[in-house]
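Asker: Please read through the structure below; I'll follow up with questions.
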Amino acid sequence: MALTPHYTEIVGVNYLMHYAIECIIVTVAVEMLKITSRHPSVQAGDLILETDQSNMSEIVLLTPSVLIAGLRGLGVEIAKNVILCGVKSVTVQDEGQTVWADLSSQFFLKEQNLGQNRATCSLQQLSALNPHVLVSAHTGPLSEDLLLQFQVVVLTDSSLDDQKRFGEFCHSHGIKFIVADTKGLCGQLFCDFGEEFTVLDRDGEMPMSAMIQSITKENPGVVFCVDEQKHGFSDGTKVVFSEVQGMTELNSVGPVEIKAHGPYSFSIGDTSAFSEYERGGVVTEVKQPFVVKFKPLSDALLDLELLKMNDYGKVSRHHTLHLAFQALHNFVKKEQRLPRPWSESDADALLDTVRELNAVAQLEQLDEAAVRNLSYTAQGDLAPMNAVIGGFAAHEIVKACSGKFTPLQQWLYFDALECLPEEEHQLTDGLFSRGTRYDGQIAVFGSAFQEKLERQKYFLVGAGAIGCELLKNFALIGLGAGEEGQITVTDMDFIERSNLNRQFLFRSQDIGKPKSEIAAKAAREMNPQMQITAHQNRLDPDSEGVYDYNFFMGLDGAAAALDNVEARVYLDGLCVKHQKALLEGGTLGSKGHTLVVVPHLTESYGQDKSSSKNAFPLCTLKNFPHRIEHTLQWARDQFEGLFKQTPENVNLFLSDAGFVERTLAHGDAEALEVLGGVWSSLTDLNGGGQRPTSWEDCVSWARCKWETLYNNDICQLLHCFPPDQVTSTGLPFWSGSKRCPHPLTFDPNNSTHMEYVVAAATLYDSTREILKNIRVPSFTPKSSVKIHLTDKEMQEDKEKQSGDAGKSKLEELKAKLASPSLKVSAKQMYPIDFEKDDDTNFHMDYVVAASNLRAENYDIPAADRHQSKGIAGRIIPAIATTTAAVAGLMCLELYKLVQGHKKISSYRTAYVNLAVQYFVMSQPSRPLQFKVSYGSAAVLQPFLLTVSYCVGFRDRIYEAVSHLPNLNKALLTA
């Protein structure tokens, strides 16, 4: 029923003012009731993935249990990524004891763990990554009975005999089987998902859609799309129609197969019997599932067609490594050890075995140098290599669990042998174990290189998803960990709950704290020798007083872990200006890229060349929004927290007897929040909780939530960071893109509120009477929140609250939750997964309303429903698997920079899409060059000038050269 505004005065307040907030109130209330009535089969710990099918949402319910065998550096990397992605359970198996070499890449082991079981020592920190994932350790040997308990089995650091034996067993019992391995600078990955594996979504991309311009009434009917954007469909694509006026029969027709006529038109079936087309309409792709087949490992070993290429300049090397890894297993089986670092005799033996294998494989060309280098470095255990292969392998586990994305078929070999010294001489000294945390790295590069790494001074900009992964790698390889070394990290953002599933250095107790400080602290815990300084500055012209000439000239290089092009371009310009190397990387969902900028050798990042205006930054600054995209992401996070995470915690409490104790082990701060939310959700209003027993309760709760979000929370933020706040370096806190917010007050004349009223037009008329009876209390501080006059007072009170008071409240919560009557009267809750395309489920109503109110807080122009829906559909959060792989690729390039590689052929630019196994490693482009002439008009002297593609600096040189006859003056002017 359509609603029309009423202007009746109620309790001295204009009714329209109340109705202006009705959208979010009713939306929240409806969702609170829906939580207890939707998806009755969803259980705690289940992984839910949505496959967008135009006007339908296919929910794939998963209860995967994963076994990861081997918990050295590669195993823990895979486990970390999978736990962050969120499966039902992960079991880590390892019989081995911690040795010095493990500390080169196993980031959850410390010196005090030497001699102790690797799996047992890592269990607590793995469990802390995601409280919704059950993590356990198995210290016994692998057995077939053990494997039967899991849906996915991953082997790392395993023998070829075990791979064949367990691979055959898993294949015959329908268990997804993955093998991952790294040896020095070479890595291997294998997948076997069974005889027939159904892929539900090939690439994970949003279904393509196009706006309709016209549809002909004939056989076959031809659909013409607006010429603003190509439809992107190909022959055989299936589509559905919606919002078509006139020829409305199409709106109810199932998926239709099309034939493309061109970029803006295609034909469908017979439309001659349909009504005349009038206007409007959207056509949307419907993704179709397909089946892939796999061979067991023993058979796949003989099939070189199953090798997936990633560097097309290394085709023969990939084939050779397939034989070399088999030969390496034979070597270890015979000698009971890996080849010694840089041993010629061991390399000769390995090469002989490869030649014997090739007598059967019949490769046209063997890369014998690659075999020798594999032998020389096989004892190495490098964190960046483990990050790359670990990211790839973990993404394959996600595919095995979900049926989403295209799996690897079936072999992948990756190497970074270009990291070795360019000069053709052997490393003969300082290669053997010294009893240090860097032994796994010294075995590859030697002790002199390790000392050089420790002297490095690097600037890391960004401590988000990629930044956390980079700091982990920096700590493990020892970058800047010497007395002369230094890492400076800056990030203006603060930790949010939504960061925890991809920024693994952060925990729940860190929410609200500066990212850079917590990340730096975590890196020091991994490696106490790290010399690291944390800043909270935004890198822009306002901070040039901090990051000036002297700062940059003291650096060896910089690394960009940023989520927007503008900041990348600015940092790139500074590096070109000061002639410093730059490591750059970025992700967008399962896609990632890396770029290394070497002064005078490679092209720099340069200005934004993208023609697309639709790309959304990876991690928006949601604490300090300055674009409507930021408030939309914030609204999405609110949706997830209120209607998904809390119900999941309630279900875990009801179904898992160990949930309370496991939550308590994660720290007082998280336990108070999680357990408090559980108790509140299970206790009705009369008992002091928030469980609704009527529609009125839902609306009343939502109305008070509005006050909390848009008034009280903003007041609290301004108390912590007043408008005149300055950073530790003296820069204004509220500057640049940081908009100083203001709390909202209800004003019926406010245009944003009026747009909000329009958004509520689809809600039922019966809610009006409920709102009339709600008493909205005026703002008063919460009894548990003290308004502090000084920072010192705030800190002292915070420490006091986290002490006895916090523990006392925890004990009180434990007693309440232990009450038998609580579970007797409790009902299971049903988490809700966000679906933007169903206009009847109130999801977008909530997000649009919440976002626009947040935008009003920060004086950001609001967006209507159509705009919000388009933006929200492009918000793709970072994925742990992709960020790990990208950070690993960046640090492999770092090895080359520290060694001082001079050949451009040694460096690699990478483009990956883990969803579809797309890997392209290529040589970077050279910087632009041009010739200018100077001198007298009679005698022109040519001069070759190399200019990095840096916006601003390049243009100033061009300008100077074009106006001044003397090149020296031109360059001086520039």
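Asker: Please list, in chain and number order, the residues 5+ apart from Ser925 or on another chain whose amide H is under 5 Å from its amide H, with Hs placed from the backbone.
Answerer: So Ser925 has HN proximity to Glu603.
Asker: If you don't mind, another one. Sticking with the crude label model, points 7 Å out along Cα→Cβ, report the distance from Asn330 to Val292 in nm, one decimal please.
Answerer: Taking the two extended label points, one gets 3.0 nm.
Asker: Any chance you could look up the accessible area of Ser316 with a 1.4 Å probe, heavy atoms only, rounded to 10 Å²?
Answerer: Accessible area of Ser316: about 40 Å².
Asker: Students often get this wrong, so check it: of Lys295/Lys333; Lys457/Lys902; Lys164/Lys472; Lys88/Lys816; Lys230/Lys869, which have C-alpha atoms separated by over 31 Å?
Answerer: Lys164/Lys472
Asker: Quick check on segment 209-286: what are the equivalent-ellipsoid semi-axes from the Cα gyration tensor, as sqrt(5λ), descending, whole Å?
Answerer: The answer is 17, 13, 12 Å, longest axis first.
Asker: Check Asp563: other-chain or 5+ apart residues with amide H under 5 Å from its amide H, H built from backbone geometry?
Answerer: none
Asker: Sticking with this structure for a sec: What is the gain in length, in nm to one decimal, between Val253 and Ser214 on full extension, counting 0.36 nm per residue of separation less the C-alpha to C-alpha distance?
Answerer: Between Val253 and Ser214, full extension yields an extra 12.3 nm.
Asker: Gln362 to Glu661: extension gain in nm, 0.36 nm per residue of separation minus the Cα-Cα distance?
Answerer: 101.7 nm
Asker: Taking the solvent-accessible surface of protein heavy atoms with a 1.4 Å probe, what is the per residue accessible area of segment 209-286 in Å²?
Answerer: That works out to 52 Å² per residue.
Asker: Another question, then. According to a simple spin-label model (label point 7 Å from Cα along Cα-to-Cβ), what is the distance in nm between Asp235 and Lys110?
Answerer: Reported label-point gap for Lys110 and Asp235 is 6.4 nm.
Asker: By the scheme Lys and Arg +1, Asp and Glu -1, what is the net charge of all other residues having a beta-carbon under 13 Å from that of Gly480?
Answerer: Here the charged neighbours net out to -1.
Asker: Among rounded, prolate and oblate, which fits segment 395-508 when a ≥ b ≥ c are the square roots of the eigenvalues of its C-alpha gyration tensor, a/c under 1.5 means rounded, and a/b larger than b/c means prolate?
Answerer: Oblate shape, in that a/c is at least 1.5 and b/c is the bigger or equal ratio.
Asker: Further question: Using a/c under 1.5 as the rounded threshold, could you call segment 532-578 rounded, prolate or oblate? The axes a ≥ b ≥ c are square roots of the C-alpha gyration tensor eigenvalues, and prolate needs a/b larger than b/c, oblate otherwise.
Answerer: Cα axes put segment 532-578 in the rounded bin.
The values are calculated or read from the model by the stated rules, or taken from the named source; none is laboratory data. Keep in mind it's a predicted model, so treat the numbers as computed, not measured. Glycine gets a Cβ as well: all are built from the backbone with ideal geometry, and neighbour counts include every protein chain shown. Areas reflect the complete protein model, heavy atoms only, side chains present, ligands, DNA and RNA absent. Shrake-Rupley method; radii C 1.70, N 1.55, O 1.52, S 1.80 Å.
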